[in-house]
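Working notes, structure below.
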Amino acid sequence: MTIDPDPAAAPGPHAAPGVRVRDLTVVYRTPLGELPALHGVSLAIEPGTITGLVGESGSGKSTLALSLLNAVQPPGRIAAGQVEIDGLGDVTRLGGEELRRARGRHLGYVFQAAQNSLNPLKTVGKQLLDLGRSHGVADPAALVHDARLLLDRMGLPGARVLDSCQHELSGGMRQRVGIMFALVLNAHLVILDEPTTALDMITQAAILRIIREIHKERGLTTLIVTHDIGVAAEVTDRLAVMYGGRVVEHGPTTEVLGDPGHPYTQGLIRAIPRLSGDIDAARALPGRPPTLGTVPVDGCVFRERCPRRMDVCETGEPPVAWLGDRTVACHAAGAAPREKEHA
Ligand SMILES: Nc1ncnc2c1ncn2[C@@H]1O[C@H](COP(=O)(O)OP(=O)(O)OP(=O)(O)O)[C@@H](O)[C@H]1O
Ligand code: SF4
Ligand SMILES: [Mg+2]
């Protein structure tokens, strides 16, 4: 049985949207002043793909995911750039009611730590009906039916979960409830920030498989944020690698993982035995990722840890080179620099 809700109950564009992030800079106010967590990020997410966003903690993954919903909260703000989503236009210009309606109907999302984001005083079912009402869903019974099917499909007793409050559910159950909320209004752009971190390995694999199935069935564009490259390898078509508030490499997952072009991606992969294939050969990436206060203001942000550092890396942003279908922001990437990827 299909889990797609009645289209009349869940209006919205029924085609996978493309997303074009252009020169996006997001800053957070800190005791040292406003510092960029994203610095001139450009990224094209192709319609119908599952894109993984990977990188160490603090690289800016969640900030980028929030920006797609124009949901960066103070002390952060979008300081420059655009996020253009097919059917919605530049979401950085949306506000108020327009933005609220876009979220949920057009943009389904799970925030990081979603297992803590339910209302503690209301059952999941009541929160679902609130969501439906706030989006003008005409048939609440169909909405509940679809929610139950989604929960059942993710291995939960749907009817019981809908009757439960947050404290009656485990972290892993809440996380799946979060995924249900991201999907139940039939949004065609779905953004999942660390959607399976509270789950054991086997459940995680099952849920990711289900996300992928639903992505295909419904024809979605999906962005999955994860710090786990193994997860990204299993489920994504394309991979964007972030470091120090930049996307340093982006392209088909098989190419990025099979033949990484950026020294940072190479280091990340070498550090993972199940990807590098040899547990003895796995080597941790030396050094630590930068924080907002320690990201170099000039030159390549990765140079402190880079084995291929050159004089030219000390100043300016590394050029974006194309390697086939892939972009790599590095002086050593080897191909002639071309225009940034949103061109
Ligand atoms: N509310 C905030 N106030 C100040 N700095 C922030 C805030 N939120 C994020 N940052 C900083 O912005 C940078 C990017 O954070 P972000 O949460 O986007 O990273 P991330 O890649 O999602 O990390 P993680 O893997 O830990 O979730 C980090 O240096 C972080 O400390
Ligand atoms: S631009 Fe230079 S320092 Fe940066 S990753 Fe490339 S080679 Fe290393
Ligand atoms: Mg995050």
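None of the figures in this text is laboratory data; all of them are computed from the coordinates on show. From a predicted model like this one, the values you see are computed outputs, not experimental measurements. FYI the Cβ positions are ideal-geometry reconstructions off the backbone, even for glycines, and counts take in every protein chain you see.
Values as computed for the structure displayed
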read-out: MRE, 222 nm, helices only [DSSP H, n ≥ 4, -39500 (n - 2.57), over the chain, to nearest 500]; value: -9000 deg cm²/dmol
read-out: Average Cα contact separation per residue, the chain, under 8 Å, 6 or more apart, as relative contact order %; value: 21
read-out: Estimated inter-spin distance, residue 101 and residue 271, nm [label 7 Å along Cα→Cβ]; value: 4.5
read-out: Label-to-label distance, nm, for residues given as residue 205 and residue 160 (7 Å Cα→Cβ offset); value: 2.5
read-out: GNM flexibility winner over the chain from 220, 35, 68 (Cα, springs under 10 Å); value: 35
read-out: Furthest towards positive pole of dipole, 269, 96, 320, structure part the chain, Cβ charges; value: 96
read-out: Proximal aspartates and glutamates to residue 216, defined as alpha-carbon separation beneath 13 angstrom and excluding residues fewer than eight positions away on the same chain; value: 4, 237
read-out: Contour excess over end-to-end distance, with Cα ends at residue 113 and residue 34 and 0.36 nm allotted per residue; value: 25.9 nm
read-out: Charge dipole magnitude, Cβ of K and R +1, D and E -1 - region 41-185, Cα centre, debye nearest 20; value: 360
read-out: In sequence order, calculated HN-Hα J values of region 29-39 (Karplus, 6.51, -1.76, 1.60; Hz; x Gly/Pro); value: 6, 10, x, 8, x, 7, 10, x, 8, 10, 10
read-out: Size of charge dipole - the chain - debye, nearest 20, with Cβ of Lys, Arg +1 and Asp, Glu -1, no other charges; value: 500
read-out: Amide H partners (placed H, <5 Å) of residue 272, local residues excluded; value: 283
read-out: Förster radius 51 Å - calculated FRET efficiency between residue 122 and residue 254 (Cβ-Cβ, nearest 0.05); value: 0.70
read-out: Cysteines without a disulfide-compatible neighbour (Cβ-Cβ under 4.7 Å), the chain; value: 165, 306, 330
read-out: Calculated SAXS-style log₁₀ I(q)/I(0) at q = 0.11 Å⁻¹ - the chain, Debye, Cα scatterers; value: -0.73
read-out: Burial ordering of 134, 62, 117, 67, fewest other beta-carbon atoms within 10 Å first; value: 134, 117, 62, 67
read-out: Summed side-chain charge close to residue 210 - residues other than residue 210 whose Cβ falls under 13 Å, Lys, Arg +1, Asp, Glu -1; value: +2
read-out: Relative contact order %, region 168-282, counting alpha carbon pairs below 8 Å whose residues are six or more apart; value: 16
read-out: Computed E for residue 297/residue 142 - FRET, C-beta separation, R0 35 angstrom, nearest 0.05; value: 0.05
read-out: Amide H contacts under 5 Å for residue 24, placed H, 5+ residues apart; value: 40, 41, 42, 82
read-out: Residues listed by number, region 105-137, amide nitrogen under 19 Å from residue 167 label point at 7 Å toward C-beta; value: 115-127
read-out: Label-point gap, in nm, between residue 90 and residue 325 - each point 7 angstrom along Cα→Cβ; value: 3.0
read-out: Under-5 Å amide H pairs with residue 30, H placed in peptide plane, nonlocal only; value: 35
read-out: Dipole of the chain [Lys/Arg +1, Asp/Glu -1 at C-beta], most positive-end residue of 221, 110, 235; value: 110
